[in-house]
Every structure is written in C-alpha cells, then in structure tokens.
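One structure below.
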Amino acid sequence: MSDSEFPDPRPGPSWERLRVRAACSAGVAVVQLAVFWEFVVRTIPMLWPPVEPLTQWVSFLMVSLGSFVIISGLFGTLLGDQLYDRYLRDTSESP
C-alpha cells in the first residue's frame with residue numbers, strides 16, 4: 001500500500017555512474033593541472049611556509065585548492081554523466 005502524501009523514495013546514482021564521474025573528474029583534474037602547470041609552479045612557494053597574517057594564507061590556500069577541486073568535480077561530473085548516458089547506461093535503467 002502506497003501513501004499518496006509522500007512519494008516513493010528514489011535511490012541515488014548507481015555505483016557505475018559514480019565511478020564514471022570520479023574517473024572523469026580525475027581526468028579533468030589532470031588536464032587542468034597540465035594547462036595551469038606554470039601557474040601552479042609559481043604559486044607553490046606562496047603556499048608553503050605559511051606567512052603572516054595567517055588568515056590571509058589560509059584564505060589563499062582555500063581559494064586555490066577549492067577552485068581546483070570544484071572545477072574538476074563540476075566538469076568531471078557533467079562529462080561523466082554525458083558519457084554514461086550515451087555509452088554505458090543499460091536500457092532497462094530508468095532515467
């Protein structure tokens with residue numbers, strides 16, 4: 001018996017889709033690192049050792065690493081979903 005007030009729960013993405021997303025995110029991270037390699041090499045001395053004021057250093061570190069992770073994750077997820085839907089999804093799986 002189904003309760004009409006609450007919809008049936010929908011499970012999240014399959015493990016296969018998550019693996020494709022993770023692989024594509026890692027690939028995008030490698031490409032991003034290759035494209036911005038010169039910038040990364042120039043900024044590494046600014047990241048270590050920490051400088052005063054410490055809050056400025058922490059902010060720079062969070063922005064640098066956060067943008068790398070977010071951009072890689074966003075584009076990797078979009079690319080991974082497109083690849084999975086086009087080439088790997090079973091026809092029995094609902095969208």
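Worth a mention:
- Here the alpha carbons of the stretch 16-87 define both size measures, Rg and Dmax, at 15.4, 51 Å.
- Going by neighbour counts of Cβ atoms within 10 Å, the residues SER4, SER67, SER14, SER72 line up, fewest first, as SER4, SER67, SER14, SER72.
- Here the relative contact order of the chain, from alpha carbon pairs under 8 Å that lie six or more residues apart, stands at 48 percent.
- Separation of alpha-carbon centers, the stretch 33-64 and the stretch 2-24, rounded to whole Å: 37
Since every read-out is calculated from the coordinates, none of them should be taken as a lab result. Since this is a predicted model, take the numbers as computed values, not measurements. All Cβ positions, even for glycine, are placed from backbone atoms using ideal geometry, and neighbour counts span all protein chains on display.
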